[in-house]
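Contents: one structure, followed by commentary.
The values are calculated or read from the model by the stated rules, or taken from the named source; none is laboratory data. All figures in this text were calculated on a predicted structure; none of them were measured in a lab. FYI the Cβ positions are ideal-geometry reconstructions off the backbone, even for glycines, and counts take in every protein chain you see. In case anyone asks, the SASA skips ligands and DNA or RNA and just uses the protein heavy atoms, side chains included. Shrake-Rupley method; radii C 1.70, N 1.55, O 1.52, S 1.80 Å.
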Amino acid sequence: MERLAAGAIHILIGTHALFQEEVAFRDLALAVVDEQHRFGVHQRLALARKGEAVDVLVMTATPIPRTLVLTFFGDMDVSELREKPAGRQPIDTRTLPLGRLDEVVGAVGRALAEGRRVYWVCPLVEESENSDLAAAEERFAALKETFGDVVDLVHGRMKGPDKDRAMARFAAGETRLLVATTVIEVGVDVPAATVMVIEHAERFGLAQLHQLRGRIGRGADHSTCLLLYKAPLGETAKARLAIMRETEDGFRIAEEDLKLRGEGDVLGTRQSGMPGFRIARVEVHGKLISTAHDDAALVLARDPTLTTPRGGALRHLLYLFERDEAIRLIRAG
């Protein structure tokens, strides 16, 4: 901390701990937020406030609806990497009702017999690690009874070294069926893993399903993702699973997520939900929005303090729509 404040450290890599107030940079110039969808608006803002004029680069394979809209509105510049790394294979994604669980266990058994490695992701029961853990432990016990010592378990409540050892055993092939909670969603790279089963897939959001599926298809072998759901499905859940079957394109998935969840509050902190705009709908008025953005940019270029008659009228509009206080929140991305 002392070396950071003194400017002796030039690059600092860290977790959520970097957002804490006591972390002080001598002159922070660039903040890079990886897996941006895992952080809240206020957290990204807190990092940006740790310097005088901090440039912010946010990275994600699945932009949250609010971020997608900020790029549509021109408030964030965007760079797209649309090609997968060389050698990646397409992933065959299928949906199955939970009533066919025995068939899925049988298919996993055949995959294991062929020497393949398999993830089995347990459901997000509610916003509680305890319930996730209970579901994972129950499934682990059942699969271990069927397949024996090739089955292992990893979850967020494990100590770091224990988690690392479980992942290392799976990566080395000592275990070949890894039962997990969403702790494997990011930062896990085992190219030999080619099968993923996601239990109660209807309980996960599109971004999370896409991130989880991205753990397979990393090697040269064909990969399969099975999305197990509890019938009957609601319309939104049905649409989510359909889009997962249709595409692996993170941008397309993010756009569908935007339609299903709403864009949140661009000038506030909600990252999804009903829009904060009275008139515009991004999926309908996309071209008009870019025109409006150009007009707004022209106004600010000619009258940055909004003091001309037209600028004054715009200032009144900001007050009337209660947007004056929230403008700083745009910077969070």
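Please say if the range 81-213 is rounded, prolate or oblate, where rounded means a/c under 1.5 for a ≥ b ≥ c the square roots of the C-alpha gyration tensor eigenvalues, and otherwise the choice is prolate for a/b larger than b/c and oblate otherwise?
Rounded.
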Practice task
Between beta-carbons, use under 10 Å as the cut-off and find the net charge around Arg218, counting Lys and Arg +1, Asp and Glu -1.
Solution key: +1
Practice task
Order Arg169, Arg3, most accessible first, counting only protein heavy atoms with a 1.4 angstrom probe.
Solution key: Arg3, Arg169
Fill in the blank from the handout: Going residue by residue through the range 202-217, the Karplus relation 6.51 cos²θ - 1.76 cosθ + 1.60 with θ = phi - 60° gives ³J(HN,Hα) values, rounded to whole Hz and with x marking Gly or Pro, of 5, 8, 9, x, 4, 4, 5, 4, 5, 5, 4, 4, x, 6, 10, x
Fill in the blank from the handout: In debye to the nearest 20, the charge dipole size for the range 1-54, taken about the Cα centre with +1 at each Lys and Arg Cβ and -1 at each Asp and Glu Cβ, equals 60 debye
Fill in the blank from the handout: Place a point 7 Å from the Cα of Glu322 in the direction of its beta carbon; the residues of the range 36-64 whose amide N falls under 20 Å from it are 41-42
Handout entry: Rounded to the nearest 10 Å², the accessible area of Phe321 at probe 1.4 Å
Key = 90 Å²
Practice task
Quick one: what are the phi-derived ³J(HN,Hα) couplings along the range 169-180, Karplus 6.51/-1.76/1.60 with θ = phi - 60°, whole Hz, x for glycine and proline?
Solution key: 4, 5, 5, 7, x, 5, 10, 10, 10, 9, 7, 8
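Show Lys287, Lys84, Lys50, Lys144 ordered by accessible area, largest first, where the area counts protein heavy atoms only and the probe is 1.4 Å.
The ordering from most to least exposed comes out as Lys287, Lys84, Lys144, Lys50.
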Problem - Residue among Pro304, Ser290, Met158 farthest towards the positive dipole end of the chain, charges placed on Cβ - result: Ser290
Handout entry: FRET efficiency for His10 and Asp189, using Cβ-Cβ distance with R0 set to 22 Å, rounded to 0.05
Key = 0.20
Problem - the range 48-110, dipole about Cα centre (Lys/Arg Cβ +1, Asp/Glu Cβ -1), debye to the nearest 20 - result: 240 debye
Practice task
Evaluate the charge dipole of the chain about its Cα centre and quote only its size in Debye, nearest 20, assuming +1 on the Cβ of each Lys and Arg and -1 on the Cβ of each Asp and Glu.
Solution key: 300 debye
Handout entry: Table column - 3J(HN,Hα) (Hz), the range 27-36, Karplus curve with 6.51, -1.76, 1.60, x for Gly and Pro
Key = 7, 6, 10, 9, 10, 10, 9, 8, 6, 3
Practice task
Could you please report the charge total around Arg116, scoring K, R as +1 and D, E as -1 over all other residues with beta-carbon less than 11 angstrom from its beta-carbon?
Solution key: +1
Handout entry: Two-site FRET efficiency, Lys287 against Glu52, from Cβ-Cβ distance with R₀ of 30 Å, rounded to 0.05
Key = 0.25
Problem - Rounded to the nearest 10 Å², the accessible area of Arg157 at probe 1.4 Å - result: 120 Å²
Handout entry: Projected area, mean over directions - the range 1-154, Cα convex hull, nm²
Key = 14.2 nm²
Exercise for the section: Could you pull the accessible area for Arg117 with a 1.4 Å probe, rounded to 10 Å²? Expected result: 40 Å²
Handout entry: Rounded Å value of the spacing that divides the Cα centres of the range 1-73 and the range 145-202
Key = 30 Å
Practice task
Quote to one decimal, in nm, the extra length available between Ala313 and Glu2 on full extension: 0.36 nm per residue of separation minus the C-alpha distance between them.
Solution key: 107.1 nm
Fill in the blank from the handout: Rounded to the nearest 10 degrees, the helix 129-147 long axis (Cα) sits at an angle to the longest Cα principal axis of the chain of 30 degrees
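What translational diffusion coefficient, to the nearest whole µm²/s, does the range 150-194 have by Stokes-Einstein, given a Kirkwood radius computed over alpha-carbon pairs, a temperature of 20 °C and 1.002 mPa s viscosity?
Details: Rh = 10.6 Å.
Taking Rh from Cα pairs, D becomes 203 µm²/s.
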